[in-house]
Amino acid sequence: MAIQFAKRMEGIKASEIRELLKLTTRPEIISFAGGLPAPELFPIEEMKKVTLKVLEEQGKQALQYSTTEGHQPLRQKVAKSMAIFGIQAEADDILITSGSQQGLDFSGKIFLNPGDVVVCESPSYLGALNAFKAYECEFVEVPTDDHGMIMDELEKVLANTPQARMIYVIPDFQNPTGRTWPVERRKRLVELANKYDLPIVEDNPYGQLRFEGEIPPSIKSFDTEGRVIYLGTYSKTFCPGLRIGWVFASPEILNKYIMVKQGADLQASSISQRELDTFLDMYNLDEHVEKIKNIYRKRRDLMINTMKEVFPKEVKFTYPEGGLFTWVELPEHMNARDLMVKALEKNVAFVPGGSFFPNGGHENTFRMNYSNMPEDKIVEGIKRLGEVLKEALNK
Ligand code: PMP
């Protein structure tokens, strides 16, 4: 058999990391590798009541096809929910998607031709890089510091990259680094995008999970020309299993997303949308988010404090004010993939950082998740990792 695959498949490869990560699902493994919310926080009892109510009161609609744009009452709630990020939106400005991941895929589909360049943070979210890669694009990474993308570097990149077609950023508690951009950089990004006439995709799954300090205004809130596409999701504030996210964009751009959504899957799940909408009517999501934040804050503190105690001082890591991740940098000569093999021997897992850099390198980094493991395992896992690090550094 010599079936021909499309050329775009050449860029789509199973990652060796994914193979390694399969091992991390073994029950004895203390895994800091995934990006999963804590399942013990899912409102299962509440969702039983919600599901029953939806099926009893709107069963026929919940199991039927529906509009591509999404369930109108949910669109209204989504529009209002963005006020905390300085965004004024109407229900009609929203498209409900199957998670924000679908919004990423659609962004690639709408803006990228083969050979076009996506400008992104260095490092960036692997799932987005893979989604864009399917459209045969290239990536130019913009250097970052503890406060996100460095704007002078971005300006240099934009001045030298006429093939740039889209800027992709995660300005709040970034995946993988946990870093957040200050307001000045957000404004400056919009100014630069205006100057170079580029769309910005702002991906904000974690912004609401802020453990301390004020929520900064979103990049979208500085958008005067309708060039920022804002992607949101209920995956981290509620649960990922319903697969509900959204796109907020100016009418001309949103229309493209709606047309592409029609071709992709017609609409987001009717029953998921109605369940979420009913949950939001019956319960207080803000209270639920407070509960999540309290648990994650404790886990972050435990992880960071234990790292400070047991990691050799040459090992640097970020202090996230929210979200799910901290980012570790080893001395340059070290390789986190090798370290992962040693860590797995002690039943501890993380994600080596190299794959978050679309153009390679930076093998001395790794990502740590603190949301998914109970407290005792966080302490035990970090202690074991400390031993692995000390051995690797010959201490
Ligand atoms: N963007 C980022 C930065 C993420 O970390 C994730 C999930 N890990 C997503 C988008 C996709 O999330 P979902 O499709 O569940 O909304």
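For the residue pairs K316/K346; K187/K313; K298/K342; K298/K377; K220/K256; K80/K220, the C-alpha atoms sit more than 25 angstrom apart in K187/K313; K298/K342.
Here the Gaussian network model covers the chain, with springs between Cα atoms less than 10 Å apart; of T224, T144, T180, T224 fluctuates the most.
When the Cα centres of region 354-391 and region 329-348 are compared, how far apart do they sit, in Å? First find each Cα centre; the distance between them is then 8 Å. Determine which lysines satisfy two conditions relative to K7: a Cα distance under 17 Å, and not lying fewer than 8 residues away in the same chain. Output for K7: K109, K133. Look at where the Cα atoms of region 267-327 and of region 102-126 average out, and the two centres are 26 Å apart. In plain terms, the residue of R300, R165 with the fewest other Cβ atoms within 10 Å comes first and the most crowded comes last, giving R165, R300.
Of all DSSP bridge pairs formed entirely within the chain, close to 55 percent run antiparallel.
Both the radius of gyration and Dmax for the chain are 21.1, 66 Å, in that order, over alpha-carbon atoms. Note on region 65-282: Rg/Rh from Cα positions, Kirkwood definition for Rh, rounded to two decimals, is 0.95. Per-residue Karplus couplings for region 294-300, computed as 6.51 cos²θ - 1.76 cosθ + 1.60 with θ equal to phi - 60°, are listed in order as 4, 5, 5, 4, 4, 5, 4 Hz, Gly and Pro entered as x.
Computed from label points 7 Å out along Cα-Cβ, the spacing between V289 and D338 is 4.4 nm. Straight Cα distances below 18 angstrom link K22 to the aspartates and glutamates D338, E345, with same-chain residues fewer than 8 positions distant left out. With the chain treated as a Gaussian network of Cα nodes joined by springs under 10 Å, which of F42, F366, F317 yields the largest mean-square fluctuation? Highest fluctuation of the listed residues: F42.
We did not get these values from a lab; they are worked out from the coordinates using the rules stated. For clarity, every value in this text was computed on a predicted model and none was experimentally measured. Neighbour counts are summed over all protein chains in view; Cβ atoms, including those assigned to glycine, are modelled from backbone coordinates with ideal geometry.
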